[in-house]
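Structure, as C-alpha cells:
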Amino acid sequence: MSQELTIPLHIKISLGAAISGGVPSQPVDKSTPRAQRPKGSTASTENAVDLYVDKFSIPSLSENGFDWSTALSLALAARLAYADEEEVKRVARGWGLTSCAFFDVDDTQCFIGSSRNAVIVSFRGTENLGDWMSNLNLIGTTRPYGRVHRGFLGAFKIVEQKLLDELRNHPGKNVLLTGHSLGGALALIAAAEWRDSIKPSWIYTFGQPAVGKKDFKDSLSAHYDDRYYRFVNDRDIVPMIPPLYRHAGELIHFAEDGSLENALGGEELESLGIDLGTVNADTPMMTETEFDQLRARLLLERAQQGGADLDEESVEQAVLESAGDEDVEGFLPSVSDHSMDLYVAKTAHRAGF
C-alpha cells in the first residue's frame with residue numbers, strides 16, 4: 001500500500017509566463033525534446049501537434065494497460081482541443097480517425113474522435129490561466145459519487161447531452177477521456193458521471209486541478225482503480241489548486257528534465273521503468289491563505305487594467321508581486337510548467353520519440 005507524504009509548499013523558485021499552450025522561459029534539459037515557438041509570438045496549436053502529429057497511434061487506443069504510446073496519443077488529443085473546429089477535424093482526419101464531432105457551448109469546448117474500436121473525448125482547458133485562477137472559487141456540490149467542485153460540474157453539464165447523443169453513434173467502443181488543465185477536470189467529472197452508463201475505459205489527464213473532496217477521491221479510486229492516470233509537470237501550479245480538494249488516480253510526475261519522480265502506480269508502471277521504491281508523494285496543495293493571496297493579486301492586476309483579460313506578462317507580474325508579500329513569499333510554483341506543449345514533449349520523449 002502506498003504512503004502519502006506532505007510536502008511543504010514554501011520553496012524558492014522562479015516564475016515563467018502563464019499561457020495555456022506556450023513554452024517556458026527557461027529551457028528543459030537538452031535531452032528532452034520540446035516544441036519551439038518564435039520569440040515574441042504566441043504558441044499555436046500546430047507547434048505541439050504538428051511536431052508529433054505522425055506519432056498519434058490508433059492501435060494505442062486499444063491497449064489493455066498503461067502505455068506511453070497511449071499517453072502520447074491522448075496528450076496530442078488534449079492539445080488539439082485548444083484549436084478551432086476546422087483544425088480539429090483536419091488533424092483528426094490526418095490521424096486516421098473515422099469521425100470527429102466538435103462541440104463549443106458557452107465556455108466549454110471539446111471534441112469526440114472515433115476509430116473502429118475506440119472513441120476519444122477530449123476537453124479543452126482554460127485559454128487564460130490568470131483570468132481563470134482569479135475567478136476560481138471553492139464552492140462544492142454533492143453528487144452520488146461524492147462532493148465535487150460546482151464550477152467544474154456545471155461546465156461539463158452544459159455540454160453533456162450533446163456528448164451523449166454523439167456517443168450513441170459508437171456503441172461497444174472503448175471510451176478514453178482526456179484533457180489539459182480545466183479540460184482534465186471535465187474529463188474526470190465525465191468519468192464519474194458516466195461510470196455506470198458509458199463506462200469509460202481509460203482517463204489520462206494533464207496538469208489537472210483537483211476536482212473533489214475525500215469522498216469523491218475514494219469513490220473514483222474504487223471504481224477506476226488503475227485506469228486513471230494523472231500527469232503533472234515539474235512544479236505546475238494548477239494541480240495545486242483549489243485548496244481543500246483532493247486528487248485521485250495514478251500520479252505520473254515529470255521532473256524538469258523529463259525524468260519521472262514520485263510516481264504512484266502498479267505493475268504496469270514498474271515494468272516501464274518507474275521506480276516504485278521512491279516515496280509515493282501526492283501533489284502538494286495550496287493552503288486557503290496562499291490561494292486567497294494569489295487570487296487577490298490577480299484580481300488587483302485585472303482591476304488596474306480596467307477589467308481587461310490578463311495576458312501572460314500581467315499574470316507573471318502579478319504573481320511576482322504576490323511572492324513579495326510576507327505571508328506568501330516563496331510558496332508559488334512555476335506557472336510556465338503548466339504548458340501543454342511541455343506535457344506533449346515529455347510524454348513523447350518517454351514514448352521513445
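Every number in this text was worked out from the coordinates using simple rules, so none of it is lab data. For clarity, every value in this text was computed on a predicted model and none was experimentally measured. Neighbour counts run over all protein chains shown; Cβ positions are idealised from the backbone, glycine included.
Find how many whole Å separate the alpha carbon centroid of segment 51-79 from the alpha carbon centroid of segment 124-150.
Using only Cα atoms, the two centres lie 27 Å from each other.
Over 20 Å, how big is the tail of the calculated P(r) for segment 57-154, in percent of all Cα pairs?
Details: 2322 of 4753 pairs.
Summing the P(r) tail past 20 Å for segment 57-154 gives 49 percent.
Could you put 340, 285, 133 in order, starting from the residue whose Cβ has the fewest other Cβ atoms within 10 Å? Mind showing how you got there, number by number?
Values: 340 31, 285 22, 133 25.
Final ranking by Cβ density, sparse to dense: 285, 133, 340.
Report the gain in length on full extension from residue 135 to residue 287: 0.36 nm times residue separation, minus Cα-Cα distance, nm rounded to one decimal.
Working: separation 152, 0.36 × 152 = 54.72 nm, distance 1.67 nm.
Stretched out fully, the residue 135 to residue 287 stretch lengthens by 53.0 nm.
Nothing charged except the Cβ atoms of Lys and Arg (+1) and of Asp and Glu (-1): what's the magnitude of the dipole of segment 50-155 about its Cα centre? Round to the nearest 20 debye.
On the way: 10 positive and 13 negative charges, 91 e Å.
Around 440 debye, computed over segment 50-155.
In whole Hz, what ³J(HN,Hα) sequence does segment 57-70 give by Karplus (6.51, -1.76, 1.60; θ = phi - 60°), x for Gly and Pro?
Taking θ as phi minus 60°, the curve returns 10, 4, x, 5, 6, 10, 5, 8, x, 4, 8, 5, 5, 5 Hz for segment 57-70.
Within the set 157/213; 162/214; 89/199; 89/157; 89/346, which residue pairs have Cα atoms separated by over 28 Å?
Values: 157/213 19 Å; 162/214 30 Å; 89/199 25 Å; 89/157 24 Å; 89/346 25 Å.
In this structure, 162/214 lie more than 28 Å apart at Cα.
For the residues 346, 157, what sequence is obtained by ranking on other C-beta atoms within 10 Å, fewest first? Show your work: numbers first, answer last.
On the way: 346 29, 157 13.
The order, fewest Cβ neighbours first, is 157, 346.
Applying 1/(1 + (r/R0)^6) with R0 = 35 Å to the Cβ-Cβ distance of residue 223 and residue 303, what FRET efficiency is obtained, to the nearest 0.05?
Working: r = 43 Å, r/R0 = 1.23.
Once the sixth-power term is evaluated, E becomes 0.25.
Ranked by Cβ crowding within 10 angstrom, fewest neighbours first, how are 93, 350, 79 ordered? Numbers along the way, then the final one.
On the way: 93 13, 350 21, 79 29.
The most exposed by this proxy come first: 93, 350, 79.
How are the C-alpha pair distances of segment 132-205 spread across 10 Å bins, as whole percents from the shortest bin up?
18, 52, 25, 5, 0
Calculated FRET efficiency, residue 85 and residue 164, Cβ-Cβ r, R0 22 Å, to nearest 0.05? Could the numbers behind the result be given before it?
Details: r = 20 Å, r/R0 = 0.89.
Using R0 = 22 Å, I get an efficiency of 0.65.
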